[in-house]
Amino acid sequence: MVRMNVLADALKSLYNAEKRGKRQVLIRPSSKVIIKFLRVMQKFGYIGDVTLVDDHRSGKIVVNLIGRLNKCGVISPRFDVKVADTEKIIANLLPSRQFGHVVITTSQGIMDLEEARSKHTGGKILGFFY
């Protein structure tokens with residue numbers, strides 16, 4: 001069976017392992033988008049160490065969980081986000097303005113919405129986590 005959205009599969013396995021109280025989760029296959037999304041989550045302290053395992057195929061990722069992740073998901077299709085519309089996007093996706101992050105992909109790389117707003121750039125929405 002062909003995987004249609006590897007980012008959605010990765011975030012769903014991360015969320016399910018967090019709900020079950022696991023300490024680690026194995027994500028496969030690996031991709032650049034998954035790795036950069038996990039780096040953004042790691043930067044804000046929602047997950048622990050991210051280890052890449054090269055198995056000479058598609059690769060695997062081992063993520064250490066710290067019990068802080070409540071929900072994460074992918075927004076499909078990847079809608080366009082303008083700089084002026086960021087407040088509306090945050091209100092629609094996150095439960096509160098105090099916590100949680102929306103991840104977008106821009107021409108300057110994958111980053112959260114606040115960083116993209118400070119760089120004054122828009123892009124396409126990838127997902128969210130809180």
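The values are calculated or read from the model by the stated rules, or taken from the named source; none is laboratory data. Quick caveat, the model's predicted, so the values are computed rather than measured. Ideal geometry is used to build each Cβ from the backbone, glycine not excepted, and the neighbour counts take in all protein chains shown. When the accessible area is computed, the model is the full protein with side chains, heavy atoms only, and any ligands, DNA or RNA have been set aside. Shrake-Rupley method; radii C 1.70, N 1.55, O 1.52, S 1.80 Å.
For segment 14-65, a residue qualifies if it is among the aliphatic types (A, V, I, L, M), farther than 15 Å from Asp112 by Cα and surrounded by 14 or more Cβ atoms within 10 Å (Cβ to Cβ), and the qualifying residues are Leu14, Ala17, Val25, Ile27, Ile47, Val50, Ile61, Val62, Val63, Leu65.
Hey, can you tell me all the residues within segment 115-125 that are within 12 Å of Val81 (Cα to Cα) and either of a type in the set (Lys, Arg) or surrounded by fewer than 23 Cβ atoms within 10 Å (Cβ to Cβ) (or both)? Lay out the reasoning, then the answer.
In the first step, residues of segment 115-125 are kept if they are within 12 Å of Val81 (Cα to Cα); the result is 116-117, 120-125.
Selection gives Arg117, His120, Thr121, Gly122, Gly123, Lys124, Ile125.
For beta carbons closer than 7 Å, sequence separation of 6+ or different chains, a first residue in segment 109-120 that is farther than 18 Å from Lys32 by Cβ and part of a helix (DSSP H, G or I) and a second that is modelled with pLDDT under 95 and of a type in the set (Ser, Thr, Tyr), the qualifying pairs are Leu113/Thr86; Arg117/Thr86. Asp9 meets all of the listed conditions (1) free of Cβ contacts under 8 Å to residues at least 24 places away in the same chain; (2) closer than 17 Å to Gly100 by Cβ; (3) assigned to a helix (DSSP H, G or I) but one, namely (2). Arg3 fulfils the conditions (1) closer than 21 Å to Gly109 by Cβ; (2) touching a residue at least 24 places away in the same chain (Cβ under 8 Å) except for a single criterion, (1). Lys88 meets the conditions (1) at pLDDT below 95; (2) open to solvent by 90 Å² or more (accessible area, probe 1.4 Å); (3) under 14 Å from Gly127 (Cα atoms); (4) not in a loop (DSSP other than H, G, I, E, B) in every case but one. The failed one is (3). With respect to (1) at pLDDT 95 or above; (2) open to solvent by 40 Å² or more (accessible area, probe 1.4 Å); (3) hydrophobic (A, V, I, L, M, F, W, C), the lone exception for Leu93 is condition (1).
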